[in-house]
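Engineer: Once you've had a glance at the structure underneath, I'll fire off some questions.
Bear in mind that the values in this text are calculations on the coordinates, not laboratory data. Just so you know, these numbers come straight off a predicted model, no measurement behind them. When we count neighbours, we look across all protein chains shown, and the Cβ atoms used for this are built from the backbone with ideal geometry, even at glycine.
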Amino acid sequence: MTFAPSSRDGLLCCEVGRARFAFRSADVRHVERAEYMRPDRDDHGRIGMLRLGGQQVPVFALGNVLGTTRDEARPPGSEGHIAVTGDRNALTGWLVDRIARAAQPSPGDIAALPPITGPQAASWFEGLVWLGDDESALLLAPHHLNATAAPATLRDGISAFTPPRSIAAAEPEPVAIVFSTTALPAWDVRRYALSGRQIAAIIQPTAPITVPGCHDHVEGVTWWRRSAVPVVDFRARSERHGTAPGRRLIAHCGSGSLVAFSVEPEVMMCRPTPDHRFLPAVTCPPFASGVFDVNGEAVALLDLEALLMQGHRQTA
């Protein structure tokens, strides 16, 4: 079917497996059933051709380009739809499992992806759009999708941490939050503290929304007060499955940015006292400002900026 001008507002939501994405209707010139595609693979990822108004349009599997599915072509007669984007002289078809219309979102229902997700994800997506009833979709930027690039892959493991430059000891804060977490890079210290001024919320966790193309230490994003907050986890991906976090801590990390990570259920508040001695003999993690004795435990004062600065993976 071809869209009439009156139908160019709103969104076209499309599903690829369990992932949900959305195009702006104005970006889509045509939608066709997959059965009309002629299979015609090439070495650049094309899986078929679609004849549209006398023009041959190359078709790519959206999931393959985003690295979310296996490379599988659909034979004629199979289910699925093709959304055609681009200008008249450079059209591209995107094969998806299902397509459905959605109403035009209000400006407050679209949240930009935070920079921590990485340049690849920021290029592929305009942001995260709220569809209502706890449903969301990643809003695609079709003009920046590179159909001929190598598919994104999820690599297991994390790169080694390198110590940042020396960080001056933080000024004492009126209140600190002390917690345990397995989401940070492995270190001898297991208890961490953050200034109460940095804590935005401690919430019950929900499954993060996976963002294709993001950095490996970014597990996805989650909604909080109409903001897309990155959820970080520095464990190998194989170690994250089957471990439900007790809570999720959302913290400010400078320049108005937020970051979230899982913490164990036991969280306590404390006020700095002279008894909280600096422990020079304990090796300080490179993402902390120092290690202190808090009620007989070694507690590292977490430096979120240092953590995130060192969290970016080196690209091959």
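Engineer: Counting pairs of Cα atoms in the stretch 176-311, how many percent are more than 26 Å apart? Each step should come with its number before you reach the end.
Structural biologist: Working: 1802 of 9180 pairs.
Summing the P(r) of the stretch 176-311 above 26 Å gives 20 percent of all pairs.
Engineer: Label-point separation (nm) for A201 and R38, each offset 7 Å from Cα along Cα-to-Cβ?
Structural biologist: Placing both labels 7 Å along Cα→Cβ, they lie 5.3 nm apart.
Engineer: In bins 10 Å wide, starting from 0, what share of all Cα pairs of the stretch 5-144 does each bin hold, as a percent?
Structural biologist: Here the calculated profile for the stretch 5-144 is 11, 43, 35, 11, 0.
Engineer: So, with +1 on the Cβ of K and R and -1 on the Cβ of D and E, and no other charges, what is the size of the charge dipole of the stretch 176-311 about its Cα centre, to the nearest 20 debye?
Structural biologist: On the way: 12 positive and 12 negative charges, 84 e Å.
With only Lys, Arg, Asp and Glu charged at Cβ, the dipole is about 400 debye.
Engineer: HN-Hα J couplings of the stretch 34-50 from phi, Karplus 6.51/-1.76/1.60, θ = phi - 60°, integer Hz, Gly and Pro as x?
Structural biologist: Residue by residue, the stretch 34-50 yields 5, 5, 8, 7, 9, x, 6, 7, 9, 6, 9, x, 5, 10, x, 10, 10 Hz.
Engineer: Which order, highest average first, do 285-293, 43-51, 202-210 follow once you tally other Cβ atoms within 10 Å for each residue and take the mean per peptide?
Structural biologist: On the way: 285-293: 20.7, 43-51: 16.7, 202-210: 14.2.
Ranking the peptides 285-293, 43-51, 202-210 by packing returns 285-293, 43-51, 202-210.
Engineer: For the stretch 216-230, take each phi angle, set θ = phi - 60°, evaluate the Karplus expression 6.51 cos²θ - 1.76 cosθ + 1.60, and give the result in whole Hz per residue in order, putting x for glycine and proline.
Structural biologist: The phi angles translate into 4, 7, 9, 6, x, 10, 9, 7, 8, 6, 6, 10, 8, 9, x Hz.
Engineer: Next question. Could you list which residues have their amide H under 5 Å from that of R191, counting only those 5 or more apart in sequence or on another chain, with H placed in the peptide plane?
Structural biologist: Excluding prolines and chain starts, which carry no amide H, the hits are A300.
Engineer: A further question follows. Would you pull out the residues with amide H under 5 Å of W94's amide H, same chain only if 5 or more places away, H placed 1.01 Å from N?
Structural biologist: F60, A83, V84, T85
Engineer: What is the packing order of peptides 260-266, 101-107, taking the mean over residues of other C-beta atoms within 10 Å and listing the highest first? Don't jump to the answer; show the numbers that get you there.
Structural biologist: Details: 260-266: 18.7, 101-107: 11.3.
Highest-to-lowest ranking by the protection proxy: 260-266, 101-107.
Engineer: Explain nothing, just the number: relative contact order of the stretch 173-237, from Cα pairs under 8 Å at least 6 residues apart, as a whole percent.
Structural biologist: Value for the stretch 173-237: 28 percent.
Engineer: Amide H to amide H under 5 Å from A141: which residues, 5+ apart in sequence or cross-chain, H placed 1.01 Å off N in plane?
Structural biologist: F125, E126
Engineer: Considering the dipole of the stretch 176-311 built from charges on the beta carbon (Lys and Arg +1, Asp and Glu -1) around the Cα centre, which of L307, I209, C253 is farthest to its positive end?
Structural biologist: Of the listed residues, the answer is I209.
Engineer: Once phi is turned into ³J(HN,Hα) by the Karplus curve 6.51 cos²θ - 1.76 cosθ + 1.60 with θ = phi - 60°, what whole-Hz value does each residue of the stretch 91-104 show in order, with x for glycine and proline?
Structural biologist: Here the 3J(HN,Hα) series is 8, 9, x, 10, 7, 10, 6, 9, 9, 8, 7, 9, 5, 5 Hz.
Engineer: Another question about this same structure. I need to check one value: relative contact order of the stretch 5-144, counting alpha carbon pairs closer than 8 Å and at least 6 residues apart, in percent.
Structural biologist: Values: 283 pairs, mean separation 37.2, N = 140.
Dividing the mean separation by the residue count of the stretch 5-144 yields 27 percent.
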